[in-house]
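Worksheet: one structure, shown below.
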Amino acid sequence: MTSKPRVVVLAALPALGFDLLRPRFDVAAGGPRVDSGWLRKHTPGAAGIVADPSIPVGPELMDAAGTSLKVVSNFGVGYDNIDIEAARARGVRATNTPGVLTNATAELAVALMLAAGRRIAEADAMIRGDSWSGSQENILGRELAGATVGLVGFGRIAQRVAALLAPFEVRLLCSSRSSGPVRDAERLALDDLLAESDFVSLHVPLTPETRHLVDANAFAKMKRGAILVNTSRGAVVDTQALIDALRSGRLAAAGLDVYEDEPHVPPGLCDLPNTVLLPHIGSATAATRDAMARLCAENVIAVIDGQEPPAAAGGRSRRIRASTTAGS
Ligand code: 8YV
């Protein structure tokens, strides 16, 4: 009797993902916070690893699985947690879940623009803390209408943000590495975008080039009183420089869904009233998480079956359509 290939799940994979994996594989469900003892027990001999983007997948973990390892399937978009060179050297495919979370993340970016601009968290805390005097003078915010919004990066999620912002009557700027034509936004060099934007929203993947892209120098170029929104990766921003910019008034507010060292959020950010802080919920809608689970499992199944996966690093996969409706 041949035993089923083992798949180790290091992510909060929804039930739909397990339903697709379990009939074919021996699934070890550890979740994103397993300890080294659990990994030592379950990883050797695995054919697949399903990883949360917060889990670093380097040579050590791949070698712990051994030569049976065929696929590392990220439950999320991008590969900043995976050592792609190490995977390539070992003949391991790296896959991810683009497209299906575009709308959910874009909606959250717009929600953070509105929440930071209108000081929603502060206003809510005022009511809960029983400190509303009856006036609104100390909680005046700013509207999106008439504002200049700069999107840093102009991939799927930023383009969806641009579409969602159309009725808000903003002036839309973008900066993008690719030289192709952009629709719905005016393309500027990053420094000019920072200098002109009232709201700056980050939509770049985390790479060595984008780590701390927004640092003290970048904040110095921004308009006094601008608002920063980050739904991409925490390390795109230098956190200490952000705290300094918020304290000095260089920035009026920040809306953040991602942090440099998740799940740790520095007290310096929590202590500031002008931050809206979310626990990395960009893709966290039931429909989107199910769509991610399906794509993540399909990637594993395809690679272990010797087929081309729907969404792999290296550009050989079929293109994933960016959905405008979660799960579609
Ligand atoms: C995580 C994300 O996948 O998709 C991404 O890139 O950052 C998130 O959607 C999700 O939080 C699971 O941990």
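Since every read-out is calculated from the coordinates, none of them should be taken as a lab result. All figures in this text were calculated on a predicted structure; none of them were measured in a lab. Here the Cβ positions follow ideal geometry from the backbone for every residue, glycine too, while neighbour counts run over all protein chains shown.
Data overview
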{"read-out": "Nearby lysines by direct alpha-carbon distance to Lys4 (threshold 22 angstrom, same-chain neighbours under 8 apart not counted)", "value": "Lys41, Lys70"}
{"read-out": "Per-selection Rg to Rh, the chain - Cα, Kirkwood hydrodynamic radius", "value": "1.01"}
{"read-out": "Square roots of five times the Cα gyration tensor eigenvalues for region 47-119, Å", "value": "33, 11, 9"}
{"read-out": "Descending semi-axes in Å of region 103-277, equivalent ellipsoid built from Cα gyration tensor", "value": "26, 19, 14"}
{"read-out": "Radius 11 Å from Cβ of Asp52, net charge of other residues (Lys, Arg +1; Asp, Glu -1)", "value": "0"}
{"read-out": "Over region 3-43, equivalent-ellipsoid semi-axes from the Cα gyration tensor in Å", "value": "18, 14, 4"}
{"read-out": "Neighbourhood charge, 9 Å Cβ-Cβ cut-off, centred on Cys174 and excluding it, Lys, Arg +1 and Asp, Glu -1", "value": "-1"}
{"read-out": "Sorted by Cβ neighbour density within 10 Å, fewest at the top, the residues Ile281, Ile82, Ile127", "value": "Ile127, Ile281, Ile82"}
{"read-out": "Orientation-averaged projected area, Cα convex hull of region 154-216 (nm²)", "value": "4.6"}
{"read-out": "Structure-based [θ]222 nm, the chain - -39500 (n - 2.57) summed over DSSP H runs of at least 4, per residue, nearest 500", "value": "-9500 deg cm²/dmol"}
{"read-out": "Dimensionless Rg ratio for region 262-313, taking C-alpha atoms and the 2.2 N^0.38 Å reference", "value": "1.78"}
{"read-out": "Viscosity 1.002 mPa s, 20 °C: Kirkwood-radius Stokes-Einstein D of region 85-181 over Cα pairs, µm²/s", "value": "130"}
{"read-out": "For region 260-287 and region 150-195, distance of Cα centres in Å", "value": "24"}
{"read-out": "Fraction of alpha-carbon pairs over 22 Å apart in region 198-314 - percent", "value": "44"}
{"read-out": "Amide H contacts of Val276 (H built 1.01 Å from N, under 5 Å, at least 5 apart or other chain)", "value": "Ala254, Gly255, Leu256"}
{"read-out": "The chain, relative contact order [Cα under 8 Å, separation at least 6], %", "value": "19"}
{"read-out": "Distance (nanometres) between label positions extended 7 Å along Cα→Cβ at Asp184 and Ser36", "value": "4.7"}
{"read-out": "Spherically averaged projected area of region 1-151 from its Cα convex hull (nm²)", "value": "13.8"}
{"read-out": "Long-range amide H partners of Thr97 with built H, under 5 Å", "value": "Gly76, Val77, Gly78"}
